[in-house]
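The values are calculated or read from the model by the stated rules, or taken from the named source; none is laboratory data. All figures in this text were calculated on a predicted structure; none of them were measured in a lab. As a convention, Cβ positions derive from the backbone with ideal geometry for all residues, glycine included, and neighbour counts pool all protein chains shown.
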Amino acid sequence: MYKDLKDKVVVITGASSGIGKAMAEAFGIEECKVVINYNSSKDKAEDVAAIVKKNGGDAITVQGDVSVEEDVVNIIQTAIDTFGGLDIMINNAGYEKATPSVEMSAEAFNNVMHINLTGAFVGSREACKHFIETGKKGNIINISSVHDVIPWPNYVNYASSKGGMKLMMETMSMEFAPKGIRINNISPGAIVTEHTKEKFSDDKTREETERMIPMGIIGEPHQVANVAIFLASENASYITGETIYVDGGMTKYPSFMGGKG
Ligand SMILES: NC(=O)C1=CN([C@@H]2O[C@H](COP(=O)(O)OP(=O)(O)OC[C@H]3O[C@@H](n4cnc5c(N)ncnc54)[C@H](O)[C@@H]3O)[C@@H](O)[C@H]2O)C=CC1
Ligand SMILES: CC(=O)C(C)=O
């Protein structure tokens, strides 16, 4: 456990499933007060809140679509009203759907940009406003993806949004570093969640994916959550503007592993 995290208020967007859920559970073990945002899965969010409380933390659930500016503002205001402030903002909500670029409407492109990038921007902006008003040295973690550096055909909206998250985070981290506010990204590789379970249960797809990972293993949500806990804690007090890849080596050019080329 990281003792400095006890009683810290953490907002996690898209926390009713997958990596967001694993992070909520982990911050519960740290005895944090966790605000679990969901868009449509109220029951699943309530289940996550129950686990956070069982783990030793406190929790509330808040509905909100992160692509809607007022909803993000409301999620953060609810955290402040309920728990008296905000210490850690985690922009995790994300969405992707394969579509060839020539078939992708501007609306479909913008929809993913609004959820993944603009949602994370508004969450970061509102958190920074609160940190500045209260003089708090809070911190922000964005859950990006290895596709912030690896191009992904048929997912141009997703890769653009994650690439954008990289420079958004780096820019904001410089803007707010003098105030002691730290902002970092975690970029997961292939992680098995409710969302990706079906894809990876297909032997061919799983084996193809494993071949792209030097460690040869698909990751699990808790492996991302463990890094989020570290980054949020004082143990990471000198880290800002960084992207930590939690990807079993996927971003390190695995096709060169044979030593040729
Ligand atoms: N699972 C994986 O292999 C990887 C996941 N990621 C990223 O991790 C983050 C979490 O994804 P997973 O846990 O894998 O999938 P997931 O689908 O379980 O989680 C995404 C969450 O975001 C929520 N969400 C989607 N649109 C929303 C909106 N408009 N407003 C509020 N919430 C919304 C969903 O309801 C869901 O709870 C995403 O940002 C994703 O891009 C990145 C790299 C790999
Ligand atoms: C969704 C995503 O970013 C991956 C790596 O699968």
Any residue at all in region 224-240 that is in a loop (DSSP other than H, G, I, E, B), within 16 Å of ligand 2 (Cβ to nearest atom) and either surrounded by fewer than 17 Cβ atoms within 10 Å (Cβ to Cβ) or touching a residue at least 24 places away in the same chain (Cβ under 8 Å) (or both)? no
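So, in region 178-202, exactly how many residues are within 16 Å of ligand 2 (Cβ to nearest atom) and within 19 Å of the chain's Cα centre (by Cα)?
Residues in region 178-202 being within 16 Å of ligand 2 (Cβ to nearest atom) and within 19 Å of the chain's Cα centre (by Cα): 13 in total.
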Taking region 10-21 and the residues there that are within 13 Å of ligand 1 (Cβ to nearest atom) and in a strand (DSSP E or B), the one that is farthest from ILE115 (Cα to Cα) would be VAL11
Of the candidates ALA93, ALA59, ALA24, the one satisfying the condition of being crowded, with 22+ Cβ neighbours inside 10 Å and either under 23 Å from SER173 (Cβ atoms) or at pLDDT below 95 (or both) is ALA93
Checked region 187-223 for anything part of a loop (DSSP other than H, G, I, E, B) and within 23 Å of VAL34 (Cβ to Cβ); matches are VAL192, THR193, GLU220
Filtering region 203-218 for residues that are under 24 Å from the mean Cα position of the chain (by Cα) and hydroxyl-bearing (Ser, Thr, Tyr) leaves a count of 1
Listed by first then second residue, the pairs whose first member lies in region 38-56 and is within 10 Å of GLY28 (Cα to Cα), whose partner is away from ligand 1 (no atom under 13 Å from the Cβ), with beta carbons under 6 Å and at least 6 positions apart or on separate chains, are ALA49/ALA59; VAL52/GLY28; VAL52/VAL34; VAL52/ALA59; LYS53/ALA59; ASN55/GLY28; ASN55/ILE29; GLY56/GLU31
(1) away from ligand 1 (no atom under 14 Å from the Cβ); (2) of a type outside the set (A, V, I, L, M); (3) surrounded by fewer than 21 Cβ atoms within 10 Å (Cβ to Cβ) all hold for GLY164 apart from (1)
Expected output for region 154-165 (first residue in contact (Cβ under 8 Å) with a residue 24 or more places away in the chain and within 10 Å of LYS97 (Cα to Cα), partner of a type in the set (A, V, I, L, M, F, W, C) and near ligand 2 (Cβ under 9 Å from one of its atoms), Cβ below 9 Å, 6+ apart or cross-chain) is TYR158/TRP152
Condition set more than 14 Å from ligand 1 (Cβ to nearest atom) and among the charged types (D, E, K, R), scope region 56-83, selection farthest from SER41 (Cα to Cα): answer is ASP81
Apart from one, (1) out of contact with any Phe, Trp or Tyr (no Cβ under 9 Å at 6 or more places or on another chain); (2) assigned to a helix (DSSP H, G or I); (3) under 15 Å from TYR245 (Cβ atoms) all hold for MET165; the odd one out is (1)
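What are the residues in region 101-133 that are in contact with a strand residue (DSSP E or B) (Cβ under 6 Å, 6 or more places away or on another chain) and within 13 Å of ligand 1 (Cβ to nearest atom), if any?
Scanning region 101-133 gives ALA120, GLY123.
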Scanning region 145-161 residue by residue, the ones that are in a loop (DSSP other than H, G, I, E, B) and within 9 Å of ligand 1 (Cβ to nearest atom) total 1
Of the residues in region 140-154, those that are crowded, with 19+ Cβ neighbours inside 10 Å and away from ligand 2 (no atom under 12 Å from the Cβ) come to ILE140, ILE141, ASN142
Given (1) more than 13 Å from ligand 2 (Cβ to nearest atom); (2) assigned to a helix (DSSP H, G or I); (3) of a type outside the set (A, V, I, L, M); (4) touching a Lys or Arg at 6+ places or on another chain (Cβ under 9 Å), LYS137 misses just (2)
